[in-house]
Amino acid sequence: MLWTSNGPLALPRNRNPRRSCFGGLRDQAKLSRPFTLERVKRNVSEIRKICVVTGSRADYGHLSPVMRAIAEAPELKLQIVVCGQHLDVKFGNTWEALPADGFDIDEKVDIGLTKDTSLATAEATGRAVAGLAQAFENLKPSIVLVLGDRFEIFAAGAAATLLRIPLAHIHGGEMTEAAMDDALRQSLTKMAVLHFVAAEPYAARVRQMGEKPDHVFVTGAPGLDYLNTKTFITRGDLAKDLNIDLTKKFFVATYHPVTLEHDYGAAAMEQLTLALETFQDASVIFTGVNSDPGYAEIQKILLRFCSSQPYKRKLVQSLGQYRYLSAVKEADAVVGNSSSGLIEAPALFTPTVNIGDRQKGRIRSPSVIDSDEDAAEITSAIHRALDPDFLKSVTSQTPAYGHSGNAATQIATVLKTVKLERLSIKQFHDIIPAP
């Protein structure tokens, strides 16, 4: 069922349900109250061009199901712009995953991020605005669609806004108090005219920011759509694929820079490695560090840790969403400070040890154990995650974001039915009327 923040959205009555790319029939629902998008008459003579911007493996993993749903819809034309970390060889040239998945890339925008400093990030953001604006001018999309809160995605939002192209944003309304991502995410909310959020509390926060309730949709997290249809890779096949010993316990770990801490989280990364050292029999699959300021020092610590036992500690710059979710499903715990530990891992009933404040403000599932940035506390939290009684309690409770998703179909439905003329002028919706 497709939900706005005011209730379910009715699909056009003359529309025949058809099978989506994730299986199953698209849902039809009745409105709990009148809604401006309910009676939309789509203009069948004009195919809408939806331009999706992706800057890294992090957002692409969540966007991929949405991109497939857009590509499948005959009323929509998918356009793809890649930029940022995707195009950097240091991060694995992750743009190559898109053609491998069957997607055609329309534009590549190199933002020239060569250092891991705040100044370099600010300069790269400026180049991203200019480059993405030119890409949008070339493609002339009907709507630009972005996900998340990274600086290159903020640049995409700024470029679309300045070109007067309607912006749609996924995963707004969330909070991450220890990262500059928080300010970028809330800024994207104010630039966007359509909002696809992961949970009702996030919808409430978007409405609180003055966004029209009828343009706020509770679709769930699109990253969970994978859980509907995928047959996951077994532990044995993962071990062969990654050339790592997974015969005993193993952890999936991700640690990104904490951009509002003075050392960007480097000291905490040292503490994490000290904690992992205490689990001598366990293997660790580390995923790559993102390109935020401070990544180089964290990457150096990580490489030193993994090189000491290469057959039991493996750094993989990008597992891809399929391998990543398979690893999380098979892992004994997820450790670090990534949002995937709060969204995807709980849906797979894998305990998470969440370190520090990078995810402070996001909704927690019962399977998430928060830990300070201290080796002893991290060690204690991991032991708790491995406790059979804790594991039993985790499997008996409902994850905060659900077990699976249908966000992609819902997002595509809105994109092809919303009246574009209603998006041309952004209005502030007062919860309490202004004096």
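The values are calculated or read from the model by the stated rules, or taken from the named source; none is laboratory data. Bear in mind that the values here come from a model prediction, so they are computed numbers and not experimental data. No Cβ is skipped: glycine too gets one built from the backbone with ideal geometry, and neighbour counts run over all protein chains shown.
Remarks
For (1) of a type outside the set (Lys, Arg); (2) in contact (Cβ under 8 Å) with a residue 40 or more places away in the chain; (3) assigned to a strand (DSSP E or B), each residue gets a yes or a no:
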residue	(1), (2), (3)
Lys314	no, yes, yes
Lys329	no, yes, no
Pro346	yes, yes, no
Phe349	yes, yes, no
Gly361	yes, yes, no
Ile378	yes, yes, no
Ile382	yes, yes, no
Ala385	yes, yes, no
Lys392	no, no, no
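- Residues (of a type in the set (S, T, N, Q) and either buried (at least 18 other Cβ atoms within 10 Å of the Cβ) or not assigned by TED's automatic domain parsing to the domain that holds Asn337 (or both)) located in the stretch 251-280: Thr254, Thr259, Gln271, Thr273
- Failed item in (1) among the polar types (S, T, N, Q); (2) over 18 Å from the mean Cα position of the chain (by Cα); (3) in a loop (DSSP other than H, G, I, E, B); (4) under 18 Å from Ile355 (Cβ atoms), with Gln309 passing the rest: (4)
- The lone exception for His403 - which of (1) more than 22 Å from His62 (Cα to Cα); (2) surrounded by fewer than 18 Cβ atoms within 10 Å (Cβ to Cβ) it fails: (1)
- Checked against (1) surrounded by fewer than 21 Cβ atoms within 10 Å (Cβ to Cβ); (2) under 19 Å from Leu386 (Cβ atoms), Arg313 meets all criteria but (1).
- Extreme residue, surrounded by the most Cβ atoms within 10 Å (Cβ to Cβ), among residues of the stretch 281-306 that are of a type outside the set (Ser, Thr, Tyr) and in a strand (DSSP E or B): Ile285
- Complete set of residues in the stretch 364-376 that are under 11 Å from Gly341 (Cα atoms), assigned to a loop (DSSP other than H, G, I, E, B) and in contact with a helix residue (DSSP H, G or I) (Cβ under 8 Å, 6 or more places away or on another chain): Ser365, Ser367
- Subset of the stretch 418-435 [part of a helix (DSSP H, G or I) and within 12 Å of Ile143 (Cα to Cα)]: Leu420, Glu421, Leu423
- Filtering the stretch 128-151 to residues that are modelled with pLDDT under 95 and among the charged types (D, E, K, R) leaves Asp149, Arg150.
- One residue alone among Ala412, Ala375 is more than 30 Å from His215 (Cα to Cα), small (Gly, Ala, Ser) and modelled with pLDDT of 90 or more, and that residue is Ala375.
- For the criterion of being farther than 19 Å from Leu303 by Cβ, without any contact (Cβ under 8 Å) to a residue 60 or more places away in the chain and basic (Lys, Arg), Lys240 passes.
- Matching strands (runs of 3 or more DSSP E) fully within the stretch 79-171 where at least 2 residues are over 19 Å from Gly223 (Cβ atoms) and within 21 Å of the chain's Cα centre (by Cα): 107-109, 143-147
- Qualifying position, being at pLDDT 95 or above and either more than 16 Å from the chain's Cα centre (by Cα) or of a type in the set (Gly, Ala, Ser) (or both), among Thr395, Thr350: Thr350
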